[in-house]
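The values are calculated or read from the model by the stated rules, or taken from the named source; none is laboratory data. Note that the structure is predicted; figures quoted are calculated from it, not measured. Cβ: placed from backbone, ideal geometry, glycine included. Neighbour counts: every protein chain shown. Remember, those area values only see protein heavy atoms, side chains included, never the ligands or the DNA or RNA. Shrake-Rupley method; radii C 1.70, N 1.55, O 1.52, S 1.80 Å.
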Amino acid sequence: MISETTQSNMAKKNQTLGEFIIENQAEFKYSSGELSRLINSIRLAAKVVNHEVNKAGLVDIIGAAGDTNIQGEDQQKLDVYANEKFIQTLSNRNIVCGIGSEENDDFIAINSLDENNQNKYVVLIDPLDGSSNIDVNVSVGTIFSVYRRVTPVGTPVTIDDFLQEGNKQVAAGYVIYGTSTMLVYTTGHGVNGFTLNPAIGTFYLSHPSMQFPETGNIYSINEGNYAHFPQGVKSYIKYCQEEKEDRPYTSRYIGSLVSDFHRNLIKGGIYIYPQTSKAPNGKLRLLYECNPMAFLAEQANGLASDGFQRILDIQPTELHQRVPIFCGSRKMVEKAEEFMKNS
Ligand code: AHM
Ligand code: MG
């Protein structure tokens, strides 16, 4: 269900992200301004990372990872750089009480010994997803997810604050560093997309109330793994390729979750990273990739499943847990689930 407030934003296409955050602050039920400050920090870190990502093609000129550049600064791998920037931005501003990152083995407790730390939120982040695409100038993304802590405010965060079901998320989103840089996010009141004007460093509301088309004609899966897929996925792929009604569908796979998801969100489609005989839980991480994308998908009238159950209802047992994912246009995900159940 999209709220009236969100619908009213349809008319405000040239609104900046900053204005949008302030205007919609009240939509959030614990509206203390903390969540707004958090989204603001992500916006800032996204701009910094975007600047660096855009220079990636100049690597032969300014130096590769491990080199020292002309100013005497060490060049870092971009995923390490992005990780540092997001963590720095969120912790320096004293906005969250804990951060979990796909790049770090363990979670980080912020100001864990400071009883005055009244922050209520933890963030889980994949700072640069699909980073192998950087070397070939293909879009990559940042994915983030926000939860309200479950342990008492003012005490150090524990693993329980991070191992929450996805349906407890209070916000989630991604930044796509593509032909344009966009920040797409939800606080549980629909999904809105903002495009960066790089000349002035401002994000504008360009895609209000984003919705997955109910069905589509794109399927996105790494078919190179076909031999290792479960029978249900093999049969669904054959269904997509059949000459019938609106099929065959088109196959599109960038290998960058954020980009594949974003295209399917706009055009209609399904993204699948299933379990395989080599990777029985699939590849993607529940907390850093699947849950935030699932929250966005449902808020945009789509679905996200592990083939049998809703992603958002899975109880996580570990920080870096992997799960299979089937995500996108509602009817397509339902169809794929049907094949999984019947196989
Ligand atoms: P990463 O977190 O190591 O970057 O891996 C995640 C990426 C996703 O963006 C993408 O959809 C998937 O891995 C591609 O995997 P594969 O190359 O196995 O198809
Ligand atoms: Mg990743």
Under the Karplus curve 6.51 cos²θ - 1.76 cosθ + 1.60, θ = phi - 60°, whole-Hz ³J(HN,Hα) for region 40-49, x wherever Gly or Pro sits: 4, 5, 5, 4, 5, 4, 4, 5, 5, 5
Charged-residue dipole, Cβ positions (Lys, Arg, Asp, Glu), region 13-207 about Cα centre, Debye nearest 20: 800
Positive-pole candidate from Phe86, Thr151, Leu205, dipole of the chain, charges at beta carbon: Leu205
Apportionment of accessible area to carbon and sulfur, region 109-160, percent (1.4 Å): 47
Prolate/oblate/rounded call for the chain, Cα gyration tensor, a/c under 1.5 rounded: rounded
Highest-fluctuation residue, Leu205, Leu90, Leu163 considered, GNM on the chain with Cα pairs under 10 Å: Leu163
Accessible surface, region 149-295, averaged per residue in Å² (probe 1.4 Å): 38
19 Å Cα-Cα reach of Lys77 towards aspartates and glutamates, excluding residues that sit fewer than 8 places from it in its own chain: Glu52, Asp60, Asp67, Glu102, Glu103, Asp105, Asp126, Asp129, Asp135
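Where the only charges are on Cβ atoms (+1 Lys, Arg; -1 Asp, Glu), what is the dipole of region 100-249 about its Cα centre, to the nearest 20 debye?
Values: 8 positive and 18 negative charges, 83 e Å.
In total the dipole reaches around 400 debye.
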Among Gly302, Gly166, Gly18: highest mean-square fluctuation, GNM of the chain, C-alpha pairs under 10 Å: Gly18
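So if I place +1 on the C-beta of Lys and Arg and -1 on the C-beta of Asp and Glu, and nothing else carries charge, what would the dipole magnitude of the chain be about its Cα centre? I want it in debye, nearest 20. Kindly include the intermediate steps, with their values, before the conclusion.
Working: 30 positive and 39 negative charges, 161 e Å.
It works out to roughly 780 debye.
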Rounded, prolate or oblate (a/c below 1.5 giving rounded, otherwise prolate when a/b exceeds b/c) for region 13-207 by Cα gyration tensor: oblate
Most mobile listed residue (Leu78, Leu183, Leu124) in the chain, GNM with C-alpha springs under 10 Å: Leu78
Candidate aspartates and glutamates for bridging to Lys341, where Cα separation is under 14 Å - those fewer than 8 sequence places away on the same chain excluded: Asp306
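Can you tell me the mean projection area, over all orientations, of the convex hull of region 218-342's alpha carbons? Units nm², please. The partial results should precede the final answer.
Working: hull surface 28.7 nm².
Seen from a random direction, the Cα hull of region 218-342 projects 7.2 nm² on average.
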Amide H contacts of Ala171 (H built 1.01 Å from N, under 5 Å, at least 5 apart or other chain): Val146
Computed helical MRE - 222 nm, the chain, DSSP H runs ≥ 4 contributing -39500 (n - 2.57), nearest 500: -8500 deg cm²/dmol
Against the rule of thumb 2.2 N^0.38 Å, how large the Cα Rg of region 110-198 comes out: 1.32
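First check a/c for region 144-278, with a ≥ b ≥ c the square roots of the eigenvalues of its C-alpha gyration tensor; if it is under 1.5, answer rounded, and if not, answer prolate when a/b is larger than b/c or oblate otherwise. Before the final figure, lay out each step's value.
Numbers: a/c = 2.35, a/b = 1.37, b/c = 1.72.
Taking the square roots of the gyration eigenvalues as a ≥ b ≥ c, region 144-278 is oblate.
Using a 1.4 angstrom probe on heavy atoms only, work out the carbon and sulfur share of the accessible area of region 173-238 in %.
Details: 1190 of 2310 Å².
Exposed carbon and sulfur together represent 52 percent of the surface.
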